1. Taking each residue in A:152-158, count the Cβ atoms of any other chain within 10 Å of its Cβ, then average. What number comes out?
2. Working from Cα positions, state the angle (0 to 90°, nearest 10) between the long axis of helix B:197-206 and the longest principal axis of chain B.
3. For region A:69-178, taking Cα atoms only, what is the radius of gyration to one decimal and the Dmax to the nearest whole Å?
4. With axes computed from alpha carbons, what is the tilt in degrees of helix B:91-102 against the longest principal axis of chain B, rounded to the nearest 10 within 0 to 90?
5. Quick one: compute the contact order of chain B, relative version, from alpha carbon pairs under 8 angstrom and 6+ residues apart, as a percent.
6. If you scale each eigenvalue of the Cα gyration tensor by 5 and take the root, what three semi-axes come out for the protein assembly as shown, rounded to whole angstrom and sorted largest first?
7. Which one of B:20, B:182, B:57 has the biggest mean-square fluctuation once chain B is modelled by GNM with Cα springs under 10 Å?
8. Would you mind giving the mean number of other chain beta-carbons within 10 Å of the Cβ of each residue in B:166-174, as a whole number?
């Protein structure tokens, strides 16, 4: 039997596939992986988002929206989730049947290694990505079936379109399926 | 000389700019290698830095394969020019460094002790500090390193944090990468510099590469 294809989803990308297929995203830290699928048609997608929202660009940036030419909207949770939902529907999914699972949003520079009060890394970024992803899913009426978020370890995600299982493996060797 | 009013987009960088960056980084990283070699008492070599433009999606691969578990030491550059320095040490190098600095036998430890953490950060301080002070002298601009932060995890997960900072302003980033190693000591690591996109123009101006001079290259 032919092996099911495994598609890579890199930072600020999303992929949509039909069973049999696995979508894989390596080494998420504060980034968030958003998996959405339709259990009936067995079509699903995985997005690897970097930033919470396209609306909160740094106001000090000289040219927040224009000068940045190959601007990639899919680095933002809000735009990536919406576009992936649209693509799932174009490929035959029913909006009302869509189910989501999310994973990621860790703090990669934990306090146990970084006790200096001048430590520059702000821990809230992962949390904001998670909140933004959840907010967008709610806005689109997509129910969140499971999540594995926060913590202090990176994650690699494998999303099996056939079963809808999202398999999470961490650097410590833990493997969880949600 | 109207380059002061136009911001130089990363995508517009020309060969001559990249060559100039490579040259000034080469000098800075040479000094960093010397400083590390004084710290560990062994000769440290450094390969010529590579300067690359990359999309966010490509950066984890350049840094070393998203899933490899490493120690990452991160420093922000503050001052007139802003940017990010990331030092990556594979686990076997961490063990070799620690055993060299403490005299401990080469352990199989997977967990980092407090002593290891502070020692590795000190290595980060020394490498980044000597690199930045060389750049300060060469470019006549102020460059201050932050306190180092340490992460111990997959490369991709560590570099996420830097990409989140850069990603608010750009989709393409400049990655300057150099490998340093102490022969026969199993110590090797990578030094990465990811300048803030807004700071690039300032670096290039300070290095006296003007817009327009690279047209014929």
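Coordinate-derived values only; no laboratory data. Just so you know, these numbers come straight off a predicted model, no measurement behind them. Methodologically, a virtual Cβ is constructed for each residue, glycine included, from the backbone with ideal geometry; neighbour enumeration extends over all protein chains shown.
1. On the way: counts 3, 4, 13, 4, 5, 0, 0.
Averaged over the peptide's residues, the number is 4.
2. 70 degrees
3. In Å, with Rg to one decimal and Dmax whole: 16.1, 52.
4. With rounding to tens, the tilt is 70 degrees.
5. Working: 369 pairs, mean separation 77.2, N = 217.
Over chain B, the number comes to 36 percent.
6. Numbers: eigenvalues 273, 145, 59 Å².
Ellipsoid half-lengths, sorted descending, are 37, 27, 17 Å.
7. B:57
8. Working: counts 1, 8, 9, 9, 7, 9, 5, 0, 0.
Counting other chains' Cβ atoms within 10 Å and averaging over B:166-174 gives 5.
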